[in-house]
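The structure appears right after this line, and notes come after that.
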Amino acid sequence: MSIRRYLFLLLCGLVWLLNAVPARAQVAAASPSSNQPAPVEDIVRVSTRVVFIDTLVRDKKTGAPVTDLPLESFQVFDDDKPRKLSYFSREGLTRRPLALMLVLDLSTSGILYLERPEVMEHIIAALARLRPEDEIGVMQTWYEPQAALLTFEMRSKTVSVLTRDRAQTFAALRDVQLFAKQNLPQVKILFGSFKDLFKAAWKIGIAGAATGMPAGPPPIIITAAPDFEYMIDKAPLLARERPDSQVVIMEVTDDLGAEGLGKSRKTAHELIDSGVTVSGMVVKRTLMDKAVNVTGTIMSPLLGVRFHTISYYGRQTGGEVETVGRPEEFAQAVDRIVTGLAARYSLGFTLDENERNDDRVHTLEVKVKPRGTTRKLTVSARRSYVPKAQR
């Protein structure tokens with residue numbers, strides 16, 4: 001089950017911790033089924049003799065891509081063991097055409113930014129600098145209140161399919177901005193309700209812990225619309241449909257979502273196997289977001305879920321996550337993420353015959369030790385692979 005927002009994490013998990021009794025919050029998955037699946041095994045494979053790793057190196061101080069490093073500067077570790085690189089290439093300014101799906105999450109405090117015309121125009125200005133052959137799609141997600149109290153439906157809408165028609169893309173983005181502006185008063189009311197429930201959950205949980213009586217907040221029901229689409233799950237299919245493109249999921253969000261550990265591991269390996277890159281623009285957090293962040297960080301290990309899912313998928317796939325707040329920072333984030341895609345090294349090592357079908361997850365780590373300089377560098381690269389014999 002994909003836990004799409006922090007309502008379950010806070011209102012269910014907090015009481016569970018303090019009372020050690022099942023919480024009464026009811027959460028349906030962000031998929032049609034409401035049953036919690038068993039943990040899944042990692043099943044993604046790499047059908048190749050050579051394991052390739054696209055690697056981005058940035059100067060930690062300036063943030064600029066570093067594109068002049070020699071082979072000797074790189075070390076690749078496979079399950080903590082060094083690998084001898086048999087393939088090395090500087091991609092330079094070359095890259096495949098992008099299939100960029102921009103996901104605008106209006107169910108979070110991201111709406112406080114996305115409802116502002118100047119923010120959307122900065123995003124549009126950055127996207128206008130993409131190459132003509134790049135495709136861009138637009139999706140929005142939001143919570144739709146239902147008739148019953150504290151009942152919500154998670155909805156998604158593809159506002160524009162992947163297209164090279166910039167006029168269509170930019171019109172779609174302006175439609176999202178208008179939608180966000182029209183729904184902002186209602187969302188602020190919801191945010192206020194969540195804040196009150198958050199405080200109440202602490203009080204109820206403490207009282208229950210003191211008395212030994214089961215306690216909990218009022219039921220919160222979050223269901224998914226029958227046609228809801230989670231773009232992260234859909235991305236591998238997009239990659240198969242566009243084998244000559246680089247599929248990138250770029251989400252504007254607060255990154256306070258959570259998913260089950262098994263589900264997130266499986267999804268990460270599927271993304272890696274299909275060559276999808278996940279990047280994010282995480283909006284600066286409100287005081288309420290900060291409280292949620294602290295509580296979620298504490299609670300997620302106890303509940304067996306992974307918090308900050310966009311950051312996790314970004315790290316695993318070699319993508320980048322930028323913090324944004326001012327309008328110009330949105331444009332800078334788009335530029336930085338896209339520029340990074342064209343400034344990567346391609347590293348590779350060859351598997352021995354007896355390694356090509358060991359059918360287990362290998363962790364990867366890329367380290368950079370530049371010679372003749374003391375500058376600090378950051379590295380972004382995928383984190384794992386599973387070898388499989390060629391058929």
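The values are calculated or read from the model by the stated rules, or taken from the named source; none is laboratory data. Everything quoted here is computed from the prediction, not taken from an experiment. Every residue, glycine as well, gets a Cβ built from its backbone with ideal geometry; the counts of neighbours run over all protein chains shown. To get the accessible areas, we keep the full protein, side chains included, count just its heavy atoms, and leave off ligands, DNA and RNA. Shrake-Rupley method; radii C 1.70, N 1.55, O 1.52, S 1.80 Å.
What to note about this one:
- Scope the stretch 138-167; condition of a type in the set (Ser, Thr, Tyr) and open to solvent by less than 40 Å² (accessible area, probe 1.4 Å); matching residues: 141, 143, 151, 156, 160, 163
- Residue match in the stretch 109-119 (condition: at pLDDT 90 or above, open to solvent by 40 Å² or more (accessible area, probe 1.4 Å), charged (D, E, K, R) and in a helix (DSSP H, G or I)): yes
So that you can scan it fast, the table gives a plain yes or no per residue for (1) modelled with pLDDT of 90 or more; (2) in a strand (DSSP E or B); (3) within 16 Å of the chain's Cα centre (by Cα):
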{"site": "281", "(1), (2), (3)": "yes, yes, yes"}
{"site": "289", "(1), (2), (3)": "no, no, no"}
{"site": "294", "(1), (2), (3)": "no, no, no"}
{"site": "301", "(1), (2), (3)": "no, no, no"}
{"site": "311", "(1), (2), (3)": "yes, no, yes"}
{"site": "319", "(1), (2), (3)": "yes, no, yes"}
{"site": "322", "(1), (2), (3)": "yes, yes, yes"}
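- Contact map, the stretch 373-391: first residue under 19 Å from residue 63 (Cα atoms) and assigned to a loop (DSSP other than H, G, I, E, B), second residue at pLDDT 85 or above and open to solvent by less than 60 Å² (accessible area, probe 1.4 Å), Cβ cut-off under 9 Å, separation 6 or more or different chains; pairs are 375/59; 375/66; 376/59.
- When residue 342 is tested against (1) in contact with a strand residue (DSSP E or B) (Cβ under 6 Å, 6 or more places away or on another chain); (2) within 23 Å of residue 273 (Cβ to Cβ); (3) surrounded by 15 or more Cβ atoms within 10 Å (Cβ to Cβ), just one condition goes unmet, and that condition is (1).
- Total residues in the stretch 53-79, condition outside any strand (DSSP E or B) and open to solvent by 50 Å² or more (accessible area, probe 1.4 Å): 8
- Checking the stated criteria, residue 302 turns out to be open to solvent by 30 Å² or more (accessible area, probe 1.4 Å) and touching a residue at least 12 places away in the same chain (Cβ under 8 Å).
- Residue match in the stretch 354-371 (condition: in a helix (DSSP H, G or I) and surrounded by fewer than 17 Cβ atoms within 10 Å (Cβ to Cβ)): yes
- Of all residues in the stretch 362-376, those that are in contact with a strand residue (DSSP E or B) (Cβ under 6 Å, 6 or more places away or on another chain) and small (Gly, Ala, Ser) total 0.
- Filter result (part of a helix (DSSP H, G or I) and either acidic (Asp, Glu) or surrounded by fewer than 17 Cβ atoms within 10 Å (Cβ to Cβ) (or both)) within the stretch 120-137: 121, 125
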